[in-house]
Amino acid sequence: MSMTHHAEPAVTTPPASGPRKTDGRTAERPLALRVLARPEVGVFLGAVAVYVFFLITAPPVREAGSMANILYQSSTIGIMALPVALLMIGGEFDLSSGVAVITSALTASMLAYQLSMNVWVGVVVALAVSLAIGFFNGWMVMKTGLPSFLITLGTFLILQGVNLAVTKLVTTNVATDDISDMDGFDQAKKIFASSFDIGGVEVKITIFYWLAFAALATWVLLRTRYGNWIFAVGGNKESARAVGVPVNFTKISLFMLVGFGAWFIGMHQLFTFNTVQSGEGVGQELIYISAAVIGGCLLTGGAGSAIGPVFGAFMFGMVQQGIVYAGWNPDWFKAFLGVMLLGAVLINLWVSRTATRR
Amino acid sequence: MDSSSPRSRRIAPVVAMAAAVALTLAGCSSSSGGKKAEESADGASAGKASTPQMTVALVTHQSPGDTFWDIVRKGAEAAAAKDNVKLIYSADPNAGNQSNLVQNAIDQKVDGIAITLAKPDALKGVVAKAKAANIPVVGLNSGVSEWQKLGLMEFFGQDETVAGEALGKRLNEEGAKKAVCVIQEQGNIGLTQRCDGVKKTFSGTTEVLNVNGTDMPSVKSTITAKLTQDKSIDYVVTLGAPFALTAVQSASDAGSKAKIATFDLNKDLTGAISKGTIQFAVDQQPYLQGYLAIDSLWLYKNNGNYMGGGEAPVLTGPAFVDKTNVDKVAAFAAKGTR
């Protein structure tokens, strides 16, 4: 209750300082405050704080190789957190995104293996399946008017069951077969799961995709009509419809974007680990959503950015790996993660409240 | 609702399938690997008993989609097929729900129940009810120290601590100095007992590392981080086959020379052992656990036998699989039964 109350001031500010620069309210305030009022600044400061904290307490973090590892972990969360964040700005969210990643990987792997086809066939069909799941979620939400919480909770359970049952039916095991010796595998691995040597440090390709997708999403949100539509449908669906925003198209396409993200990460996992266990992915949806929320996307929709979730995901990766680099007792792992994240959200909240106070 | 709109939407998967088929015809088939390359393996089959059909329930604490439990179930199914047993399988990782599933079996008036005792206290009451209803109950997999207290007839499995101790001794033989024990599910007693067992007999130092088992990329990064943080680690011990395979990638990412050993097997793991990327695995023979649990209930009903005489557990592990014997095991692992 108090959370929504405190969050109120931030709701109105971000879109105002974003695409429409002529808004009278922000023009009068000093530049520093205007910068601070951006939703991603709080999380940026939080991420810097966490980074500096581990830089001091965990010596291995200072090595470039460790940073590459932290960024890799962050990127596998971050690539999914981006579409999840856009969907949240658009006023909906998706609980099925964690298991959808596994659905996509299972589809590609089993199709290619069972029919002994080039793995690219599996990859393409998996994309179609992932987009179809996103479409189904979006279409159901728009058609029924039910909260996306309920619809995607249903999809989450369906996919969890289907992942297991179909894998068992098709492979007679609960994990897929190793596809690493099949045609097209090496090529697909290059695209989805390769790494580069940069100054003696091995850097995973997902990090580049993550940053490129974030840049693309930022451009779309701030510079295109589609970006305005996302803010509009998340802010007030009815008034958006009234001014001619294609609400159904916008929301359904956002769900499909999450499907695309699930496919991408699913392919990364498949081509990194060669096989997929059907029970994985459960609980990941909450991590994606957390990264987006920490990154300044409101649970109520209508506000947020694409760059915020990048820092949100970075914080997850940083804290998760930082504890290990520091060599601390792992029993406290989850509790520590929770405390750090809560701290970050509070910094985030404090910054945006201070900045928007007039 | 109008029916035309949803129907047209269902076209997408059909189109996708059609595309897949078309692509196959267009020559997209893989010349290596895949199902075609998989040899058609014969399942273990020993005919079928002529005894009247009996019904047995197997209720485990399996979480969905775990390769280990799948092998247990296959063993149980093989025994059921041979013994003319109708097998009812159910599972829930939540102890309360597992207890309800046992009650469900009692209500169905089954001829025998096989259960796992991951959380023995939660199952105490319902086991007593089964006994009151004159249904024989046997235990498998977990609960080696509790099965007698609960009044179970027999027990099939490995003592997790003993298995851990065996692995610890093996590490001494390998000349290891510092081992990290990777737990993929925080708070699971069986996994903790394994690491405790390793610590007990291993003369070097052991450290526990918790990882998020449902997210493989994070498992990979976390092990990498640990190996970077502590360069003195020369052995990574994982508690499940898929995590061992991931640990191999982590060691290479971290530029670490640490060797990998693991509990439990699967078919990819046998390949890694013969290639030498993984040193050895401690196998508790899950297939045997499932098989014996069902077979024992059949023997009891038809011949009054008790395995272990009702006093001692029947141990199915620890059995070591390493480069010297992996070839014998690999063929069975490929079928998903070992």
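The values are calculated or read from the model by the stated rules, or taken from the named source; none is laboratory data. From a predicted model like this one, the values you see are computed outputs, not experimental measurements. Backbone-built Cβ (ideal geometry, glycine too); neighbour counts: all protein chains shown. Heads up: the accessible areas ignore ligands, DNA and RNA and are worked out on the full protein's heavy atoms, side chains in. Shrake-Rupley method; radii C 1.70, N 1.55, O 1.52, S 1.80 Å.
Taking into account only those residues within the stretch A:74-126 that are away from chain B (no Cβ under 13 Å), part of a helix (DSSP H, G or I) and in contact with a Phe, Trp or Tyr (Cβ under 9 Å, 6 or more places away or on another chain), which is nearest to A:Ala262 (Cα to Cα)?
Looking at residues that are away from chain B (no Cβ under 13 Å), part of a helix (DSSP H, G or I) and in contact with a Phe, Trp or Tyr (Cβ under 9 Å, 6 or more places away or on another chain), I get A:Ala100.
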Practice task
Tell me the helices (runs of 4 or more DSSP H) entirely within the stretch A:173-283 that contain at least 1 residues that are within 14 Å of chain B (Cβ to nearest Cβ) and buried (at least 16 other Cβ atoms within 10 Å of the Cβ).
Solution key: A:185-193, A:205-223, A:247-273
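Any idea how many residues of the stretch B:253-270 are within 9 Å of another protein chain (Cβ to nearest Cβ) and part of a helix (DSSP H, G or I)? Outline the logic, then answer.
Taking the stretch B:253-270 as the starting set, the residues that turn out to be within 9 Å of another protein chain (Cβ to nearest Cβ) are B:253-255, B:266-268.
Adding the requirement that they be part of a helix (DSSP H, G or I) leaves B:253, B:267-268.
Of the residues in the stretch B:253-270, 3 are within 9 Å of another protein chain (Cβ to nearest Cβ) and part of a helix (DSSP H, G or I).
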Practice task
For the stretch A:57-72, indicate whether the set of residues that are touching a His at 6+ places or on another chain (Cβ under 9 Å), within 12 Å of chain B (Cβ to nearest Cβ) and modelled with pLDDT of 90 or more is non-empty.
Solution key: no
Exercise for the section: Kindly list, by first and then second residue, each pair from a residue in the stretch B:109-136 that is free of Cβ contacts under 8 Å to residues at least 24 places away in the same chain to a residue that is not hydroxyl-bearing (Ser, Thr, Tyr), limited to pairs with Cβ atoms under 7 Å and residues at least 6 apart or on different chains. Expected result: B:Lys131/B:Val137; B:Lys131/B:Gly151
Exercise for the section: Determine if the stretch B:274-281 includes at least one residue that is touching a residue at least 60 places away in the same chain (Cβ under 8 Å), closer than 22 Å to B:Gly213 by Cβ, away from every other protein chain (no Cβ under 14 Å) and surrounded by fewer than 24 Cβ atoms within 10 Å (Cβ to Cβ). Expected result: yes
Completion exercise
Scanning the stretch B:210-234 residue by residue, the ones that are hydroxyl-bearing (Ser, Thr, Tyr), over 23 Å from B:Gly190 (Cβ atoms) and part of a helix (DSSP H, G or I) total 3
Exercise for the section: Determine whether the stretch A:58-65 contains at least one residue that is surrounded by fewer than 22 Cβ atoms within 10 Å (Cβ to Cβ) and outside any helix (DSSP H, G or I). Expected result: yes
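Taking the stretch B:312-331 as the search range and keeping residues that are without any contact (Cβ under 8 Å) to a residue 12 or more places away in the chain and open to solvent by 60 Å² or more (accessible area, probe 1.4 Å), which one is farthest from B:Gly168 (Cα to Cα)? Write out each step before concluding.
At the first step, the residues of the stretch B:312-331 found to be without any contact (Cβ under 8 Å) to a residue 12 or more places away in the chain are B:312, B:324-325, B:328.
Add one more test, that the residue is open to solvent by 60 Å² or more (accessible area, probe 1.4 Å), and what stays is B:324, B:328.
Working: B:Thr324: 19, B:Lys328: 24 Å.
The residue in question is B:Lys328.
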Practice task
Give the number of residues within the stretch B:66-91 that are open to solvent by less than 40 Å² (accessible area, probe 1.4 Å), within 14 Å of another protein chain (Cβ to nearest Cβ) and out of contact with any strand residue (DSSP E or B) (no Cβ under 6 Å at 6 or more places or on another chain).
Solution key: 8
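Take the residues of the stretch A:142-163 that are within 12 Å of chain B (Cβ to nearest Cβ) and either outside any helix (DSSP H, G or I) or out of contact with any Asp or Glu (no Cβ under 9 Å at 6 or more places or on another chain) (or both): which is surrounded by the most Cβ atoms within 10 Å (Cβ to Cβ)?
Pass one, the stretch A:142-163, residues within 12 Å of chain B (Cβ to nearest Cβ): A:142-144, A:157, A:159-163.
Right, trim to either outside any helix (DSSP H, G or I) or out of contact with any Asp or Glu (no Cβ under 9 Å at 6 or more places or on another chain) (or both) and you get A:142-144, A:157, A:159-162.
Values: A:Met142: 20, A:Lys143: 14, A:Thr144: 11, A:Leu157: 13, A:Leu159: 25, A:Gln160: 21, A:Gly161: 12, A:Val162: 15.
Result: A:Leu159.
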Problem - Unmet requirement for B:Lys124, which otherwise passes all of (1) in a strand (DSSP E or B); (2) closer than 24 Å to B:Leu292 by Cβ - result: (1)
Problem - Residue under evaluation A:Leu270, criteria (1) farther than 30 Å from B:Phe68 by Cα; (2) under 21 Å from the mean Cα position of the chain (by Cα), criterion not met - result: (1)
Completion exercise
Going through (1) open to solvent by 80 Å² or more (accessible area, probe 1.4 Å); (2) among the hydrophobic types (A, V, I, L, M, F, W, C); (3) within 13 Å of chain A (Cβ to nearest Cβ) one by one, B:Cys181 fails only at (1)
Exercise for the section: Would you check if A:Gly154 is closer than 26 Å to A:Glu238 by Cα and not polar (S, T, N, Q)? Expected result: yes
Exercise for the section: Identify, by number, the condition in (1) assigned to a helix (DSSP H, G or I); (2) surrounded by 19 or more Cβ atoms within 10 Å (Cβ to Cβ); (3) in contact with a Cys (Cβ under 8 Å, 6 or more places away or on another chain) that B:Val237 doesn't meet. Expected result: (1)
Completion exercise
Over the stretch B:100-119, the set of residues open to solvent by 20 Å² or more (accessible area, probe 1.4 Å) and either under 27 Å from B:Gly187 (Cβ atoms) or not in a helix (DSSP H, G or I) (or both) is B:Asn100, B:Leu101, B:Gln103, B:Asn104, B:Gln108, B:Lys109, B:Asp111, B:Ala118, B:Lys119
